[in-house]
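The values are calculated or read from the model by the stated rules, or taken from the named source; none is laboratory data. Predicted model only: the values in this text are computed from it and were never measured. Note: ideal-geometry Cβ built from the backbone for every residue, glycine included; neighbour counts use all protein chains shown. Note: areas computed on protein heavy atoms with side chains; ligands, DNA, RNA excluded. Shrake-Rupley method; radii C 1.70, N 1.55, O 1.52, S 1.80 Å.
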Amino acid sequence: MHSLLPFLYLFSAWTKGAWAADPTMPFMEYLDEKHMVCLMWGFDNLKGNITFKLEVNTTGWVGFGFSPNGGMKGADMVMGGVGPDGSYFTDRHALGRFEPLVDEQQSYTLLSMNEKDGQTIMSFRRSIQSCDKEDFQITAQPIKLIYAYGLTDEIKYHRDNRGTKEVNLLEYMPRTTSTNLNFLSATMNNITVPAYRTYYYCKYMKLNLTTKHHIYMIEPVIEQIDIVYHMLLYRCPSFVTEEDGRPCYMGDMEDTCFGVVAAWAVGGGVFELPENVGIPIGGADSGTIFRLEIHYNNPRKEAGRTDSSGLRLHYTAQLRQHDAGIMTTGVSPWTSLAYNIPPKAPEFHTYGVCNTTLFSELLNPVPELQLFAVMLHTHLAGRKIRVVHYRNGTQTGFLALDEDYDFGLQQTVNLGHITTVKQGDEIAVECTYDTSDRTNVSIMGLGSTDEICLAFLYYYPAINITSCVSHPNTGMSENSTTPDQNMIAEQESLMKNLPQIQYAFNDKHNYSVNAHGTVRDMMETPVTCETSNAANGLSTSCKMKLAGIILVLLYIAIM
């Protein structure tokens with residue numbers, strides 16, 4: 001880990017959009033693609049406060065907040081501006097899609113508010129943990145930030161002047177901006193999407209670079225935003241040699257392309273890798289075939305739609321310190337499973353387990369893997385995803401956690417810290433589904449109304465392990481489809497306790513298998529604050545948790 005101090009001047013060369021350098025706040029993110037809304041922040045390790053500065057290209061009201069799911073409902077926010085009678089600023093919370101209500105306890109402190117050169121600049125501070133029932137608890141996990149603004153100081157509906165971005169505030173991983181404009185395009189070429197609810201199309205291509213380069217940024221190019229569900233770019237085994245395009249998963253040998261190079265799903269944006277890592281491309285694999293897979297969801301079964309969506313891979317010849325890889329973990333998505341998810345289930349859990357002891361059968365030696373980012377993925381019934389890390393059979397913590405998973409906001413996010421995975425460690429992916437509104441069984445599969453449970457783990461150094469997944473041995477069970485709550489619980493327990501058939505695949509599509517894997521017990525998700533209102537002061541539990549966070553932040557600062 002590095003000290004926070006060298007980052008204070010990290011962004012001094014960034015001058016576009018709504019941001020001017022502030023050396024007292026080392027972290028910065030534009031919250032929108034047009035750079036109209038800039039957020040800077042920093043935290044005081046000793047006092048446990050976090051300070052924000054919001055710069056927005058407007059002279060009207062501005063709003064900023066934290067949301068459990070990326071929308072207005074349940075959001076904690078501040079709103080302010082400079083009006084005819086001076087500045088105004090309030091701490092608020094939202095119950096739905098109407099004007100947020102003012103909190104009884106004002107937990108945010110306004111530090112400054114001014115207008116300059118057509119911008120509103122608002123600086124404010126709050127405790128990392130306010131313990132106010134109407135405030136969002138800031139943790140060392142990615143948080144969905146929301147913003148909105150008006151063109152006047154009359155607070156009313158913001159129309160399109162709003163947005164959401166997921167950021168890890170407490171464990172932010174800074175990135176550099178490159179002036180290199182070189183990129184490779186992996187896109188479809190005006191393909192026709194048939195009138196099917198679910199359609200997978202694959203394009204096979206070469207990305208010719210004769211010398212090794214690093215991909216440092218992945219940018220989606222979306223033409224038909226309403227029907228493009230996800231996009232994956234895979235590196236194919238050497239026996240795949242032809243460039244063409246056709247429907248995926250037709251039983252061809254090309255269906256063995258599973259080495260993920262880039263991933264995007266609904267709601268995702270541009271993802272830039274940390275400054276010390278890059279995804280290797282070119283050189284030894286200059287003749288390699290890559291497969292662009294796009295999942296189209298066409299619920300209205302419209303005919304005649306064409307699409308040229310894909311991915312833009314920004315690359316540089318200035319190689320970074322580490323080669324990065326992306327490993328697929330979770331429930332195996334490539335086998336036909338009798339893994340039924342019952343209807344009328346408000347919470348149903350599925351599990352996939354990766355046991356890294358399988359790596360040694362495909363790779364020697366096996367280095368320690370440093371995990372730094374993740375993309376979580378289910379289909380429409382997904383509500384929660386937890387990625388758990390075990391060592392010597394004991395849970396060490398959560399690698400990734402989203403208790404408010406939103407299918408429409410599937411972003412690749414930096415974990416904000418590095419987690420080391422050693423040979424013999426286990427990684428479990430737990431997905432929670434809500435099928436309350438379904439009358440039929442949902443299966444684990446590739447269809448738009450099927451379900452899936454995956455976590456794409458970004459790590460370094462890159463190894464030739466493409467995926468590490470499992471599924472329960474459903475051949476040993478009979479699946480019930482009765483929507484009775486007792487039967488639902490029995491089905492979930494059975495799927496968890498059956499032996500897990502675990503697989504690890506390498507980039508040649510060789511694999512190792514363990515037919516007797518298990519799903520270990522998992523900790524409860526940590527509760528960050530137990531008091532009901534900040535007016536009553538911090539409880540002992542909350543004080544202890546806050547003290548723990550301060551100690552962690554102090555440790556980060558001195559390393």
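Residue by residue through segment 367-382, which ³J(HN,Hα) values in whole Hz follow from phi under the Karplus form 6.51 cos²θ - 1.76 cosθ + 1.60 (θ = phi - 60°), with glycine and proline marked x?
My calculation for segment 367-382 gives x, 6, 9, 10, 8, 9, 7, 8, 10, 9, 8, 10, 9, 5, 8, x Hz in order.
Taking only the C-alpha atoms, wrap a convex hull around the chain and report its volume per residue in Å³ as a whole number.
Enclosed volume per residue, from the Cα hull, is 164 Å³.
Roughly how compact is segment 304-373, stated as its Cα Rg over 2.2 N^0.38 Å to two decimals?
Cα Rg divided by the expected 2.2 N^0.38 Å: 1.74.
Compute the signed sum of charges (Lys and Arg +1, Asp and Glu -1) over the other residues within less than 12 Å, Cβ to Cβ, of I281.
Computed value for this residue: +1.
Using the alpha-carbon atoms, what tilt in degrees (0 to 90, nearest 10) does helix 485-497 show relative to the longest principal axis of the chain?
Computed tilt is about 70 degrees.
Where does helix 540-558 land angle-wise versus the long Cα axis of the chain, in degrees 0 to 90, nearest 10?
Taking Cα atoms only, the helix is inclined about 80 degrees.
Taking the Cα centroid of segment 104-146 and of segment 297-330, what is the distance between the two, rounded to the nearest whole Å?
Result: 34 Å between the Cα centres.
Cβ under 11 Å from E219's Cβ, E219 left aside: what net charge do those residues give with Lys, Arg +1 and Asp, Glu -1?
Result for the local shell: -1.
Just to verify a number: FRET efficiency for K344 and E403, C-beta to C-beta distance, R0 = 25 Å, to 0.05?
Efficiency for this residue pair is about 0.70.
Arranged from highest to lowest average of other beta-carbon atoms within 10 Å per residue, in what order do the peptides 245-251, 368-374 appear?
Highest to lowest by the protection proxy: 368-374, 245-251.
So for S467, S238, what's the accessible-area order with a 1.4 Å probe, most first?
I get S238, S467, largest accessible area first.
Going by the alpha-carbon gyration tensor, a ≥ b ≥ c the square roots of its eigenvalues, is segment 178-245 rounded (a/c under 1.5) or, if a/c is not under 1.5, prolate (a/b greater than b/c) versus oblate?
The shape class here is oblate.
Students often get this wrong, so check it: of K73/K133; K34/K73; K34/K165; K301/K344; K133/K165; K73/K144, which have C-alpha atoms separated by over 18 Å?
Violating the 18 Å limit, Cα to Cα: K34/K73; K301/K344; K133/K165.
For R197, what charge total do you get from the other residues with a beta carbon under 10 Å from its beta carbon, if Lys and Arg give +1 and Asp and Glu give -1?
Net charge around R197: +2.
In deg cm²/dmol, rounded to 500, what helix-only [θ] at 222 nm does the chain give when every DSSP H run of at least 4 residues adds -39500 (n - 2.57) and the total is split over its residues?
Counting only the DSSP helices, I get -2000 deg cm²/dmol.
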